[in-house]
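Peer 1: Questions regarding the structure given below will be posed in turn.
The values are calculated or read from the model by the stated rules, or taken from the named source; none is laboratory data. Everything numeric here is computed off the predicted structure, so don't read it as measured data. Virtual Cβ from ideal backbone geometry, glycine too; neighbours counted across all protein chains shown.
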Amino acid sequence: MSGGKHTSKDLDAEIVKEHLGVGTGRSQPVIDTIERPGKAVAAGAYASAGKYEDGSVDEIGVYAGAGFGHARAEWSFFDAEAKGPNASAGAEISKATGVKAMAKAELASASAAAGPVKATIGLAADTGIGFGPSGLEAKVLGTGFTIGRRTGVSFLGSGFEIRLW
């Protein structure tokens, strides 16, 4: 979650895009977060849909989603997050990361990250594919893999990943 003042609508859009793993600013190197101050955000019911375009990184996409219950805390290179029931869908074309289309439905999840390592436990039915210069991602009903810049595995929404660079 980027710094600065957010409106409720901005926060809703940021939450939905984060769930889908689309949009700019979703992957900062550890060196950039080591001195990050602590911050926590929470949302009850949220919904958002839209399109985005970032000419500086040649990235365009669309997204839509809604859910109930989202809390996130971050400090330095640590992150923790909990999500309630949610559903979202999106598609993205990016010069840096490639092409991605994903639909997600999640009952609940909790995740924790320390630097490049992230673990998630939950129940989800993510389905989609992404491929390009940053790697390959494929999931069916929450079970799949990611190989490339991020490498990991998931089973029915629970998983483990490591960001290599």
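Peer 1: One residue is enough: does the range 127-144 have a residue meeting the conditions hydroxyl-bearing (S, T, Y) and within 20 Å of V16 (Cβ to Cβ)?
Peer 2: Here is the first cut: in the range 127-144, the ones hydroxyl-bearing (S, T, Y) are 127, 134, 143.
Checking the rest, the ones that are also within 20 Å of V16 (Cβ to Cβ) come to 127.
Checked the range 127-144: at least one residue is hydroxyl-bearing (S, T, Y) and within 20 Å of V16 (Cβ to Cβ).
Peer 1: If you don't mind, there's one more thing I want to ask. Can you find a residue in the range 99-106 that is touching a residue at least 40 places away in the same chain (Cβ under 8 Å) and touching a Phe, Trp or Tyr at 6+ places or on another chain (Cβ under 7 Å)?
Peer 2: First pass over the range 99-106, keeping only residues touching a residue at least 40 places away in the same chain (Cβ under 8 Å): 100, 102, 104, 106.
Still in the running and touching a Phe, Trp or Tyr at 6+ places or on another chain (Cβ under 7 Å): none.
No, the range 99-106 contains no residue that is touching a residue at least 40 places away in the same chain (Cβ under 8 Å) and touching a Phe, Trp or Tyr at 6+ places or on another chain (Cβ under 7 Å).
Peer 1: How many residues are among the hydroxyl-bearing types (S, T, Y), modelled with pLDDT under 90 and within 15 Å of A13 (Cβ to Cβ) if we restrict to the range 50-78?
Peer 2: 1
Peer 1: Only one of (1) surrounded by 16 or more Cβ atoms within 10 Å (Cβ to Cβ); (2) touching a Leu at 6+ places or on another chain (Cβ under 8 Å); (3) aliphatic (A, V, I, L, M) fails for L141. Which number is that?
Peer 2: Among (1) surrounded by 16 or more Cβ atoms within 10 Å (Cβ to Cβ); (2) touching a Leu at 6+ places or on another chain (Cβ under 8 Å); (3) aliphatic (A, V, I, L, M), L141 violates only (1).
Peer 1: Something else: Sort out which residues of the range 18-49 are modelled with pLDDT of 75 or more, surrounded by 13 or more Cβ atoms within 10 Å (Cβ to Cβ) and not in a loop (DSSP other than H, G, I, E, B), and write them in order of number.
Peer 2: So the first thing to find is which residues in the range 18-49 are modelled with pLDDT of 75 or more, and the list is 18, 35-49.
Checking which are surrounded by 13 or more Cβ atoms within 10 Å (Cβ to Cβ) leaves us with 18, 36, 41, 43, 46-49.
If the condition is that a residue be modelled with pLDDT of 75 or more, surrounded by 13 or more Cβ atoms within 10 Å (Cβ to Cβ) and not in a loop (DSSP other than H, G, I, E, B), then E18, V41, A43, Y46, A47, S48, A49 are the ones that fit.
Peer 1: Taking the options Y63, Y52, name whichever one is free of Cβ contacts under 8 Å to residues at least 40 places away in the same chain, of a type in the set (F, W, Y), in a strand (DSSP E or B) and in contact with a helix residue (DSSP H, G or I) (Cβ under 9 Å, 6 or more places away or on another chain). Quick ask: steps written out before the conclusion?
Peer 2: Values: Y63 fails: free of Cβ contacts under 8 Å to residues at least 40 places away in the same chain.
On inspection, the qualifying residue turns out to be Y52.
Peer 1: Name the residues in the range 72-94 that are touching a Gly at 6+ places or on another chain (Cβ under 6 Å) and farther than 24 Å from G61 by Cα, would you?
Peer 2: W75, F77, G84, listed by residue number.
Peer 1: Further question: Is it the case that A105 is touching a strand residue (DSSP E or B) at 6+ places or on another chain (Cβ under 7 Å), among the aliphatic types (A, V, I, L, M), surrounded by 14 or more Cβ atoms within 10 Å (Cβ to Cβ) and under 27 Å from K39 (Cβ atoms)? Let's see the steps before the verdict.
Peer 2: Numbers: touching a strand residue (DSSP E or B) at 6+ places or on another chain (Cβ under 7 Å): yes; among the aliphatic types (A, V, I, L, M): yes; surrounded by 14 or more Cβ atoms within 10 Å (Cβ to Cβ): yes; under 27 Å from K39 (Cβ atoms): no.
For A105, the condition - touching a strand residue (DSSP E or B) at 6+ places or on another chain (Cβ under 7 Å), among the aliphatic types (A, V, I, L, M), surrounded by 14 or more Cβ atoms within 10 Å (Cβ to Cβ) and under 27 Å from K39 (Cβ atoms) - is not met.
Peer 1: Let me ask another. Evaluate the following for F131: is it closer than 18 Å to K83 by Cβ and surrounded by fewer than 18 Cβ atoms within 10 Å (Cβ to Cβ)? Even if it seems obvious, please write down each step before you answer.
Peer 2: Values: closer than 18 Å to K83 by Cβ: no; surrounded by fewer than 18 Cβ atoms within 10 Å (Cβ to Cβ): yes.
Taking the combined requirement at face value, the residue does not satisfy it.
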